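See structure below.
What follows draws every value from the coordinates through simple rules; no lab data is involved. Quick caveat: nothing in here was measured; it's all calculated off a predicted structure. FYI the Cβ positions are ideal-geometry reconstructions off the backbone, even for glycines, and counts take in every protein chain you see.
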Amino acid sequence: MLNGKRALVTGGTRGIGRRIAELLVEKGAQVTVTGTRPESVAPTGCALQVVDFADRDALLAFAARTGENAPDILVNNAGINRVAPFATLPIEDFELVQRVNVLAPFALCQAVLPAMTAQGWGRIVNISSIWGKISKEHRAAYSTSKFGLDGMTAALAAEVAAQGVLANCVAPGFIDTELTRTVLGTAGIAELTAKVPARRLGTVDEVAAFVVWLASPENTFISGQNIAIDGGFTRV
Ligand code: NAP
């Protein structure tokens, strides 16, 4: 399905991004992932680029390099969170989350657009969150970034769909990752899943399958959307 396509997945060394990268490889794409640490291990068959988006200069240099050899598929997956009460959230943390979760996707979208529009084909998937559709306490930095990512994606989609470039957000809900299990524990997960209509966590496979489909030539008319994969959580 993706033979001959080149893909870039940011934050592809762990969690959701890693599974997206693996699936892109399985479907025949040539995949590069980013990680922040030289010791990070890329999925089998993927090239690794080390870049920390918290470092503005490093981010812009990486975006410039990406533009020189632009992929056909861009998945902006790398993301961070800082959970704190609104009143005491350090402004540095707020700024950092916007840099990694919004500025990096913006810079990379900008970098790949000339090549994608020139060839008349491109797919961009930005990984948002249910906290980019609704919010809750202590999520000011994260929700600002993910709502922002949605707005940026809508504006981008409006400009480039006619040139064959489709851009969407995917908003995962509670996903069964190592981090989720460590942070919530068994009791926390049970409490959480009771609030999800599907009564369970989602899997990285479920997120990856949809992201890869959206990024493929099989998606011909979906653009500018922010689609939740959340077992119905944001609709009750
Ligand atoms: P994760 O397991 O924490 O992995 C994060 C990835 O991003 C890693 O590859 C990491 O690289 C990279 N990364 C971290 N900080 C970075 C930085 N400053 N600059 C560049 N790259 C950085 O993440 P995840 O839980 O799979 O989440 C992936 C995306 O899904 C994020 O955008 C997140 O907001 C969103 N999401 C996740 C969930 C969930 O339940 N997990 C739910 C909703 C939305 P290294 O390994 O080298 O550190």
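Details
- Screening segment 190-224 for residues that are β-branched (Val, Ile, Thr) and within 11 Å of the ligand (Cβ to nearest atom) and picking the one that is farthest from the chain's Cα centre (by Cα) gives THR203.
- When segment 118-128 is filtered for residues that are under 21 Å from the mean Cα position of the chain (by Cα) and more than 16 Å from the ligand (Cβ to nearest atom), the ones remaining, listed by number, are TRP121, GLY122, ARG123.
- Every residue from segment 1-49 that is crowded, with 16+ Cβ neighbours inside 10 Å and part of a helix (DSSP H, G or I): GLY15, ILE16, GLY17, ARG18, ARG19, ILE20, ALA21, GLU22, LEU23, LEU24, VAL25
- Helices (runs of 4 or more DSSP H) lying entirely in segment 139-236 (those with 1 or more residues that are among the basic types (Lys, Arg) and in contact (Cβ under 8 Å) with a residue 12 or more places away in the chain): 140-160
- Residues located in segment 67-83, provided they are buried (at least 16 other Cβ atoms within 10 Å of the Cβ) and out of contact with any strand residue (DSSP E or B) (no Cβ under 6 Å at 6 or more places or on another chain): GLY67, ALA70, ALA78, GLY79, ILE80, ASN81, ARG82
- Single residue of ARG37, ARG14, ARG56 found to be out of contact with any Ser or Thr (no Cβ under 7 Å at 6 or more places or on another chain), farther than 18 Å from ALA215 by Cβ and more than 9 Å from the ligand (Cβ to nearest atom): ARG56
- Condition check for ALA47 on (1) free of Cβ contacts under 8 Å to residues at least 24 places away in the same chain; (2) near the ligand (Cβ under 9 Å from one of its atoms): one failure, at (2).
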